[in-house]
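Report on the following structure.
The values are calculated or read from the model by the stated rules, or taken from the named source; none is laboratory data. Here the structure is a predicted model, which means the values were calculated and not measured. For neighbour counting, all protein chains shown are included, and Cβ atoms are generated from backbone atoms with ideal geometry for every residue, glycine included. Calculation scope for accessible area: heavy atoms of the full protein, side chains included, ligands and nucleic acids excluded. Shrake-Rupley method; radii C 1.70, N 1.55, O 1.52, S 1.80 Å.
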Amino acid sequence: MKRLSLKLSPELINIIIAFIVVTIITIYFYFVKFDGNITGFFRIGSILQLSPYLNPNNTIIYQGEIGYDGQQFLSLAFDPFLQNPETINSLDHPIYRYRRILYPLISYLFSFGNQALIPYVMVGVNYLSIIIIVWIISLYFKSDKTFQWQSLLTLCIPGVWMVLSLGTADLLSSLFLILAFYGYRWDKPIVTGVAISLACLTRETLILMGLALILASIWQRKHKYIKPLLFSLLPPLLWTGYINLLNLPGKIRVKDNFGYPFVGIFNKFISLITGGINAKNIFEAYMFILLLTILISIFFIVKNRCNYNLIYKLSGIFYSAMFIFSSMTILGYYLDYSRVFMDVYFILLLTYNENHIPWKTGLISTSALGNLAFLVLHS
């Protein structure tokens, strides 16, 4: 009798491993960290007005805190068309928050507007985003056996689990950005254009990555990419124009998040030096220096395969500029800069240089220590 053998592809193996890990950690958050209350995923504070669609008696509220971005996305997901005036009152900067519409809108649509389901769908979107990111990166490296397992390094990136636990949009925007890079490598201009457009509607700062893709396509004479990429910028620009017509209160917060070059970095190092020797400050130093090392490593790795890695070199330049101009509003707390600059880890992961595989994988693997500390100690 012939023995039946089942050979799984590397891509499928990666997806299975990612599914198991992400499921375990999501269950851990839900039952252990948040005691079976789905609102725990959105870090809701007591200072801002609560969404009119939330019952305070059934909501985990962190007293004395302003809350986190997940609270804002949840409020928008309950009412993405701003039909209830109290929704605007529950947002800290309505004009700024409303620009990042895609994550709450998708959550609203997939829950069919069911208020009870919306928080679960939002967590589900982030849950699936991690698994799909692993899958797309596996496909990205499908032709090179040396890199096939590296998509699992996604699970080592600290920002991934922070975003999952805080209910923000960064995982979805990273998914679309990685899909755009995949389309650029594998000769799929329409995929690239649609993906970067969706990324910008999820997080408007990714318009810089759209610019990086346009510059790369011009430099590398990939002319068939230019038109889809230019058209891809229209939806986010039109959405921004529409928001301006609404005359929503608030501000864009550019002045809060960015300032003079290197001032935020200088102030961050001063705060680390004067913060004393304690667990919190050591962890902050570890996370900040790790991010800085990741940024520098991108340029170190791409220099020998500059043409192949051009898109990552350009992306690294734009993210480095953002980092240099960032204020302490972003750099002051590890949760903020780990989320804002999470794509830097993915850019490093997607770079190609066989001579630096141990350095790249070792560096990203090291970030798993930050994951472990966050999962165990953060409350």
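Key figures for this structure:
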quantity: Matching option when the condition is modelled with pLDDT of 95 or more, among the aliphatic types (A, V, I, L, M) and under 24 Å from the mean Cα position of the chain (by Cα), among Leu102, Leu91; calculated: Leu102
quantity: Index of the failed condition, Asp187 passing every other in (1) of a type outside the set (A, V, I, L, M, F, W, C); (2) under 19 Å from the mean Cα position of the chain (by Cα); (3) on the phi > 0 side of the Ramachandran plot; (4) open to solvent by 10 Å² or more (accessible area, probe 1.4 Å); calculated: (2)
quantity: Among residues of the range 137-156, those that are surrounded by fewer than 19 Cβ atoms within 10 Å (Cβ to Cβ) and touching a Leu at 6+ places or on another chain (Cβ under 7 Å), counted; calculated: 0
quantity: Any pair with Cβ under 6 angstrom, 6 or more apart, that starts in the range 63-74 at a residue that is closer than 14 Å to Tyr333 by Cβ and of a type in the set (Lys, Arg) and ends at one that is open to solvent by 10 Å² or more (accessible area, probe 1.4 Å) and at pLDDT 95 or above; calculated: none
quantity: Filtered residues of the range 280-313 (kept if farther than 15 Å from Ile347 by Cβ, without any contact (Cβ under 8 Å) to a residue 60 or more places away in the chain and surrounded by fewer than 17 Cβ atoms within 10 Å (Cβ to Cβ)); calculated: Lys280, Asn281, Ile282, Ile289, Asn304
quantity: Selection within the range 314-326 - open to solvent by 20 Å² or more (accessible area, probe 1.4 Å) and either at pLDDT below 95 or of a type in the set (Phe, Trp, Tyr) (or both); calculated: Phe318, Phe325
quantity: Flag for Leu310 being modelled with pLDDT under 95 and within 25 Å of Ser129 (Cβ to Cβ); calculated: no
quantity: Per-region count, the range 33-83, residues farther than 17 Å from Ser165 by Cα, of a type in the set (Ser, Thr, Tyr) and surrounded by 16 or more Cβ atoms within 10 Å (Cβ to Cβ); calculated: 2
quantity: Failed criterion for Ile47 (all others in (1) modelled with pLDDT of 95 or more; (2) over 25 Å from the mean Cα position of the chain (by Cα) hold); calculated: (1)
quantity: Test: Glu86 is acidic (Asp, Glu), surrounded by fewer than 18 Cβ atoms within 10 Å (Cβ to Cβ), touching a strand residue (DSSP E or B) at 6+ places or on another chain (Cβ under 8 Å) and more than 25 Å from Leu152 (Cα to Cα); calculated: no
quantity: Wholly within the range 202-249, helices (runs of 4 or more DSSP H) carrying at least 2 residues that are free of Cβ contacts under 8 Å to residues at least 60 places away in the same chain and open to solvent by less than 10 Å² (accessible area, probe 1.4 Å); calculated: 207-219, 223-232
quantity: Out of Gly159, Gly113, Gly167, sole residue that is buried (at least 24 other Cβ atoms within 10 Å of the Cβ) and at positive phi; calculated: Gly167
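Listed here are the residues, each with its yes/no results for (1) open to solvent by less than 10 Å² (accessible area, probe 1.4 Å); (2) out of contact with any strand residue (DSSP E or B) (no Cβ under 9 Å at 6 or more places or on another chain); (3) part of a helix (DSSP H, G or I).
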{"position": "Thr329", "(1), (2), (3)": "no, no, yes"}
{"position": "Leu335", "(1), (2), (3)": "yes, yes, yes"}
{"position": "Val344", "(1), (2), (3)": "yes, yes, yes"}
{"position": "Ile357", "(1), (2), (3)": "no, yes, yes"}
{"position": "Lys360", "(1), (2), (3)": "yes, yes, yes"}
{"position": "Leu363", "(1), (2), (3)": "no, yes, yes"}
{"position": "Gly370", "(1), (2), (3)": "yes, yes, yes"}
{"position": "Val376", "(1), (2), (3)": "no, yes, yes"}
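Conditions (1) within 25 Å of Pro80 (Cβ to Cβ); (2) modelled with pLDDT of 95 or more, marked per residue:
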| site | (1), (2) |
| --- | --- |
| Ile130 | yes, yes |
| Thr146 | no, no |
| Trp149 | no, no |
| Pro158 | no, no |
| Leu172 | yes, yes |
| Phe176 | yes, yes |
| Val194 | yes, yes |
| Thr205 | yes, no |
